[in-house]
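So the structure is just underneath, and the comments pick up after that.
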Amino acid sequence: MENGCILHTEPFKCCFLPNFISDEEFLKSLEKDLLQLKFYEKSNDLYKFHQSDDLKKSTKSSIASMRNVLYNDFRVWLHEMTGFVDLTDQVDVSCAKYEHTGN
């Protein structure tokens, strides 16, 4: 583990952030608020899912807090971890639900 993340190189490069959100009460509030959003059915070649609008429109406090962490603290951390200097200020965030289907 390095700087709070677990790095994997196989089958592709990625990292896992095991304690990205450790506040259980916040997670419960975030889940409740996210599940109250309006979702739209989407599909690709392999599966169907439901996706919300862009979360920048949400005024729910838990969603706004999560969005602010991603837009600010997480972008700074990502820059420090990767060294990428050209990270855009634009962060697109939505919520997706994947449910069991017969497809």
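If neighbour count is taken as other Cβ atoms inside 10 Å, put D86, D53 in order from fewest to most.
On the way: D86 5, D53 13.
Result, fewest neighbours first: D86, D53.
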Item to check | Calculated SAXS-style log₁₀ I(q)/I(0) at q = 0.12, 0.16, 0.17, 0.19 Å⁻¹ - the chain, Debye, Cα scatterers | outcome: -0.55, -0.96, -1.06, -1.21
Item to check | Sequence-distant residues sharing a close amide H with S94 (under 5 Å, placed H) | outcome: L55
Item to check | Nonlocal amide H pairs with L37, under 5 Å, H built at 1.01 Å | outcome: none
Next on the checklist: Can you compute the modelled spin-label distance between W77 and S94, with each label point 7 Å from Cα toward Cβ, in nm?
Outcome noted: 2.5 nm
Item to check | Vicinal HN-Hα couplings computed from phi for the stretch 6-18 (Karplus, 6.51 cos²θ - 1.76 cosθ + 1.60; Hz; Gly/Pro x) | outcome: 9, 8, 10, 10, 10, x, 8, 6, 6, 9, 10, 10, x
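Every number here is computed from the coordinates shown, using simple stated rules; none is lab data. Given the structure is predicted, the values throughout are model-derived calculations rather than measurements. Cβ coordinates were reconstructed from backbone atoms using ideal geometry, including for glycine residues, and neighbour counts include every protein chain displayed.
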